[in-house]
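Written below as structure tokens is the structure these notes are about.
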Amino acid sequence: MRIGLLTEGGYPYAAGEPGLWCERLVRGLGQHQFDLYAVGGSGIPRPLPPNARVARTADLGGSDSGPTARNLLERTAFGDRRAARRAYGRRERRRFVEALHRLAVGVCGEHTAGTGEAETGAELGIAFAEGLYALAELARERGGLPGALRSDDAVRTLESTCRAPGARRGAAAAGLPDHLAFVEHLERTLRPLSLDWYAEDALGAADLCHAAAGGTTALPGLLAKRFFGTPLLVTEYGVQLRSHYLSAAGADRSAPLRTLLAALHGRLAAEVYGQAALLTPGNAHTRRWQEKCGADRARIRTVHPGMAADRFAEVGEDEESGDPATLVWVGRVEPAKDLIALLHAFAEIRALQPDARLRIVAVPVRDPGSGAYLAHIKGLAAQLFPDEAAGAHAVGENPVTFEELGGPEAPTLEDTYASGAVVVLSSVVEGFPTSLVEAMFCARATVSTDVGAVVEIIGGTGLVVPPRNPRALADACLALLREPERRHRLGAAARARALELFTVEQNLAAFRGIYLELLSHAPVRHRPGDGVPFAHPAEAHVPGSWAPKAAAGTGAPDA
């Protein structure tokens, strides 16, 4: 089977958890041929197994909206840059305006309350889909849309749609700066429509399109289904629409612009979910988001992400290792992790158990803004826990340590989890926290806040408390620190649960079956040059009186 794998973040170019998942999938399902379509990839790709190749790559220029990004898009997406820059004639301009108007109606239209709400919502979704596919057809014929989507025609079309009767209140309040910003964002979102991936030797040759994310990443799969009838499988371990809502980049946007952008991404998510043959969310939290966006529950199947358990085997088999008074926190240092609540909880723990210690192990990140939050947390820790010294001539030591993963104090994740008795998660926002699964592989008891997919991961093998509640967090940690037998019992149960649900093997087994299931339900497609099965009866290939001599090997008997 030939799989067109649409990768998020540009695998095999990018690292990170999505890249690791794609690599495990490709290497684990060696019986299938994977054609990689990397959205946002550039640089030197990592080595690939024999059953995989990079079919197409598109560096979409990120959030850059200047000439460099547009030129880069033209070089990447089009074989003929002159065709891509060729001005539309009167007929093409009319087609473009009509298509964009339909798409804008779906984005700007108001959902009426009352009995007609369902019908109105369906009509707006149909209008959005009609505009989207009409733009895709135009891009396929004319070599791309970047210039048209940045034109005055696009801005005027959006402005007239926002001010038309029936537009939602937030869209009607948008001004010219909002229209310009929205058109800029729309061009970046729809850049996959302008790629040269929609040909018989590209996505047209795939038996199945597997998108490693929704939103923009899944757009090529939508068009492959539209143009060739290729089944689309969408795997999401983090919902793109949720990421848009939580993105800090939108803090300085006006309310009308936020309304338009939320409607755009909501319509795109609904169209992806509606056209996908199957959705495989990584957890129930993601599944609920998909259902809220209109996904059919019958076409959703939860497949937990697979993680390598072998590296944690030695630590997991020695569940009594580690300092019995040490708490461990592992993750990216950012406001969503609520380390302030963790420090206040640890202050209450220290008041009742003075020998307790807290290790905060940060995963290295390239975000320049993360340093300010880390500095704030270190200042709060120094204020809450002054350095303690045994005597007047001794050097003080703080019970809270800040370390970086990969450094001398925390060289590996295994060593980090093995150093403590309890692993803590204090987040206020989470998707699928992998640190909890890693701690479970290491047979460590956990205390977590009830956010994201935490309850689904933990089951009954750890303690879960409300977020933003330092007192509850402290009480749960103290309960496990004071009861070693209970701690070891929960750790052993956590390891057994993780080995059953969250290994690479179970993930690969699930997708192996899903691929075969989807292909068995898909209609047979005959490509140019393929022979038609059973065009000649079987006896035509057997010499005998029933087969003409001239066609004994290939022909059919005479009537």
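The values are calculated or read from the model by the stated rules, or taken from the named source; none is laboratory data. The shown structure was predicted, so the numbers you read here are calculated from the model rather than taken from an experiment. With ideal geometry, Cβ positions are generated from the backbone for all residues, glycine too; neighbour counts draw on all protein chains shown. Note: accessible area is taken over every heavy atom of the protein model, side chains too, but ligands, DNA and RNA are not part of it. Shrake-Rupley method; radii C 1.70, N 1.55, O 1.52, S 1.80 Å.
Quick notes
- Meets criteria (assigned to a helix (DSSP H, G or I), out of contact with any Lys or Arg (no Cβ under 8 Å at 6 or more places or on another chain) and over 23 Å from residue 38 (Cβ atoms)) for residue 252: no
- Taking every residue in region 349-377 that is modelled with pLDDT under 90 and pairing it with any residue that is part of a helix (DSSP H, G or I) and of a type in the set (Val, Ile, Thr), at least 6 positions away or on another chain, yields no pair with a Cβ-Cβ distance below 8 Å.
- Residue 55 vs. criteria modelled with pLDDT under 95, aliphatic (A, V, I, L, M), surrounded by 14 or more Cβ atoms within 10 Å (Cβ to Cβ) and outside any helix (DSSP H, G or I): yes
- Hits in region 147-193 - residues which are among the basic types (Lys, Arg) and over 14 Å from residue 100 (Cβ atoms): 163, 168, 169, 188, 191
- Residue in region 147-169 that is surrounded by 20 or more Cβ atoms within 10 Å (Cβ to Cβ), under 30 Å from residue 22 (Cβ atoms), at pLDDT below 95 and touching a Leu at 6+ places or on another chain (Cβ under 9 Å) present: yes
- Residue 138 over 14 Å from residue 106 (Cα atoms), modelled with pLDDT under 95, crowded, with 21+ Cβ neighbours inside 10 Å and under 29 Å from the mean Cα position of the chain (by Cα): yes
- Any hit, region 220-234, residues being touching a Gly at 6+ places or on another chain (Cβ under 6 Å), open to solvent by 10 Å² or more (accessible area, probe 1.4 Å) and of a type outside the set (Val, Ile, Thr): yes
- Under the condition of being open to solvent by less than 30 Å² (accessible area, probe 1.4 Å) and outside any strand (DSSP E or B), the residues counted in region 437-455 number 12.
- Residue 217 passes every criterion in (1) open to solvent by 10 Å² or more (accessible area, probe 1.4 Å); (2) over 16 Å from residue 5 (Cα atoms); (3) in a helix (DSSP H, G or I) apart from (2).
- Residues in region 456-475 that are assigned to a helix (DSSP H, G or I), modelled with pLDDT of 95 or more and open to solvent by 10 Å² or more (accessible area, probe 1.4 Å): 470, 471, 472, 475.
- Residue in region 324-337 that is buried (at least 21 other Cβ atoms within 10 Å of the Cβ), under 22 Å from residue 109 (Cβ atoms), touching a residue at least 24 places away in the same chain (Cβ under 8 Å) and among the basic types (Lys, Arg) present: no
- Residue within region 80-95 that is at pLDDT 90 or above and either within 21 Å of the chain's Cα centre (by Cα) or crowded, with 16+ Cβ neighbours inside 10 Å (or both) present: yes
- Residue within region 311-326 that is within 19 Å of residue 492 (Cβ to Cβ), among the small types (Gly, Ala, Ser) and part of a helix (DSSP H, G or I) present: yes
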